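> Take a look at the following structure, please.
The values are calculated or read from the model by the stated rules, or taken from the named source; none is laboratory data. As the structure is a prediction and not an experimental result, all values here were calculated from the model. Virtual Cβ from ideal backbone geometry, glycine too; neighbours counted across all protein chains shown. Ligands, DNA and RNA are stripped out before the accessible areas are found, and what is left, the full protein with its side chains, is counted by its heavy atoms. Shrake-Rupley method; radii C 1.70, N 1.55, O 1.52, S 1.80 Å.
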Amino acid sequence: MKLTTLAKAVPGPVTIAGYEGNQVTSLCTDSRKVEPGALFFCIPGTRMDAHDFAPQAVEAGASALVVQRKLDLPVPQVVVPDVRLALAYMAAEFYGRPADQLKMVGITGTKGKTTVSFLIKSVLDGAGHKTGLIGTVGSMVGEERIPAQLTTPDPVEIHRLLRRMVDEGIEYVVMEVSAHAMAMRRVDGIFFQVVGFTNFTQDHLDFFGDMDSYLKAKLALIAKERCGHVVYNADDERVNRAIGALDIPHTAIGIRVPSDIHANDIEICERGCGYQLTFSKRFKLDIRLQLAGVFNVYNSMMAAAMCDCLGMTPQQIQSGLERLKGVPGRIELLETETPYRVILDYAHSPDALENILKTVRETCKGRVIALFGCGGDRDHDKRPIMGEIGGRMADHCILTSDNPRSEDPLAILAEIERGIRLTGGSYQVVENRREAIRIALTMARPGDVVVLAGKGHETYQEIKGVKHPFDEKLVVKEILSEMTNEA
């Protein structure tokens, strides 16, 4: 594709310095992966500036650069005010604007995005619509799963995926849109038919600094030029206030406060929940979910309301919600054949940990044993908070490593301990996560529930910049096998 064609796709002031007729054969944001003919984007970051790596990109064969300041290099350069913005629009143009040929469905919020996306996909698939998915646990083109590194991929990967989905006859795409994605302009230029805002609680303050900035990033998705309709959780006070102040078509869901779509007669059981779902006095549905917990009542209400906006019938909504058996790493009951339950959950924030422990407590006949840690190089403030929640809500806690990344694992655990000590709750510290899981399984008795929180769907542990294989489903299976052989 011609460089001038790509440059014209970028809104705002754009100039091309040097020969304009170059052909671009690929798009690249990593100088180590540049191939001959690539257009290299010099993205300035908080830790490093890709402008500094432009010489290596040119040496590797880059045909042109996208820059925020002209560089003394012998290749054409597209000079723009914001390289991230340019990347989003150029990626869309390079792949033929695939999002314009799809019905895009976006989900934002601190928690629940993955579960809501799977529920929506279940409804749409059941209604006969071929559906794609982009999110935390990876992407899906129909039923094919593609691993992912980020909740919302970079624009090149997004539009490459969307192009493939168009070519394979996908009609709807359900996408998780993180606050990071909004701050980094990964979805700029994409219009969503409907967006869901699940909830808003503390997370990612290492990146955003404060809750107001975090909320502002999420709300950036909810604008007339970005979406046609928003469904939001009216029981979340901050979300309710924020959406109420916006001039955009909206639908409120809720349990505690008056809302357009609400749930009542809620019953929670060990392997699911039931409730009556009322749609704006238009119709009622008696829902029987195979997902447990009040938070999954909210997730399913969100999915139902969004599918209603997309024109699905009440029968399609009900059958789609009830069909879904589970979501990878989200309150996932492992098949252990033990007299106690082992539950895997991605909970890695204070509110998420409190929700999973509260849900488990409602049906637990014995003790709740909670195993968790906190990620390194992330929000430090939440660590003692999570310790306090664990000490208050579990019968015994095992504090262990999550993804320590570049931090000292023991220093992270010491911060969690500050909170748990205040409760007087029973706990122990076992830095090695595999050994911690073994201890939890060894101490569990009939009727107990072991909650492995923090890793969820992840199949690795990141330590000192290296991702080591660590799939907790396999780890649990291996440890139980070892325990059987030792008996």
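> Working from Cα positions, state the angle (0 to 90°, nearest 10) between the long axis of helix 155-167 and the longest principal axis of the chain.
The angle comes out near 90 degrees.
> Angle, helix 382-393 long axis vs. longest principal axis of the chain, Cα atoms, 0 to 90°, nearest 10?
20
> What accessible area per residue, rounded to a whole number of Å², is obtained for region 147-276 using a probe radius of 1.4 Å?
Value returned for region 147-276: 41 Å² of accessible area per residue.
> Under the 0.36 nm per residue contour assumption, what length would be gained going from the current alpha-carbon distance of residue 418 and residue 406 to full extension?
2.2 nm
> Towards the positive end of the charge dipole of the chain, with charges on Cβ (+1 Lys, Arg; -1 Asp, Glu), say which of 419, 19, 357 has the farthest Cα.
Highest projection toward the positive end goes to 19.
> Could I ask something else about it? Between residue 443 and residue 52, how many nm apart are label points set 7 Å from Cα along the C-beta direction?
Modelled inter-label distance: 4.6 nm.
> If I stretch the segment between residue 171 and residue 23 completely, what's the gain in nm (0.36 nm per residue apart, minus their alpha carbon distance), one decimal?
My answer for the length gained is 50.2 nm.
> For the residue pair residue 481 and residue 8, what label-to-label distance in nm results when each label sits 7 Å from Cα along the Cα-to-beta-carbon direction?
Spacing of the two 7 Å Cα→Cβ label points: 6.0 nm.
> Which FRET efficiency value, to the nearest 0.05, is calculated for residue 241 and residue 35 with the Förster distance at 56 angstrom and r the Cβ-Cβ distance?
Efficiency computed from Cβ-Cβ geometry: 0.70.
> Could you size up the charge dipole of region 384-487 around its Cα centre, putting +1 on the beta carbon of Lys and Arg and -1 on that of Asp and Glu, and report it in debye to the nearest 20?
In total the dipole reaches around 100 debye.
> Give the shape of region 96-181 as rounded, prolate or oblate, defined through the alpha-carbon gyration tensor: a ≥ b ≥ c are the square roots of its eigenvalues, a/c under 1.5 means rounded, and otherwise the shape is prolate if a/b is larger than b/c and oblate if not.
Verdict is oblate for region 96-181.
> Using a simple charge model, +1 on the beta-carbon of Lys and Arg, -1 on the beta-carbon of Asp and Glu, nothing else, what dipole does the chain show about its Cα centre, in debye to the nearest 20?
It comes to approximately 680 debye.
> Could you work out [θ]222 nm for the chain from helices alone, using -39500 (n - 2.57) per DSSP H run of at least four and dividing by all its residues? Round to the nearest 500 deg cm²/dmol.
-10500 deg cm²/dmol
> Sort region 363-469 into rounded, prolate or oblate with this rule: let a ≥ b ≥ c be the square roots of the eigenvalues of the Cα gyration tensor; rounded if a/c is under 1.5, and if a/c is not under 1.5, prolate when a/b is larger than b/c, oblate otherwise.
Here region 363-469 falls in the oblate category.
> Right, next: Just to verify a number: FRET efficiency for residue 72 and residue 432, C-beta to C-beta distance, R0 = 45 Å, to 0.05?
That pair, residue 72 with residue 432, gives E of 0.30.
> Determine ³J(HN,Hα), in whole Hz, for all residues of region 175-185 in sequence, where each value follows from phi through the Karplus function 6.51 cos²θ - 1.76 cosθ + 1.60 and θ = phi - 60°; x replaces Gly and Pro.
10, 6, 10, 7, 5, 4, 4, 5, 5, 9, 6
> If you place +1 on the Cβ of every Lys and Arg, -1 on the Cβ of every Asp and Glu, and leave all else neutral, what size is the dipole of region 44-194 about its Cα centre, to the nearest 20 Debye?
Dipole magnitude for region 44-194 comes out near 340 debye.
> Sticking with this one: Once neighbouring chains are kept in place and the probe is 1.4 Å, which whole percent of the accessible area of the chain is contributed by carbon and sulfur?
50
> Would you mind computing, in nm to one decimal, how far apart the modelled labels at residue 381 and residue 16 are, each placed 7 Å from Cα along Cα→Cβ?
With each label point 7 Å from Cα toward Cβ, the separation is 4.7 nm.
> Between [x] 22; [y] 19; [z] 28, which entry matches percent of Cα pairs over 39 Å apart as derived from the coordinates of this structure?
Label of the calculated value: [z].
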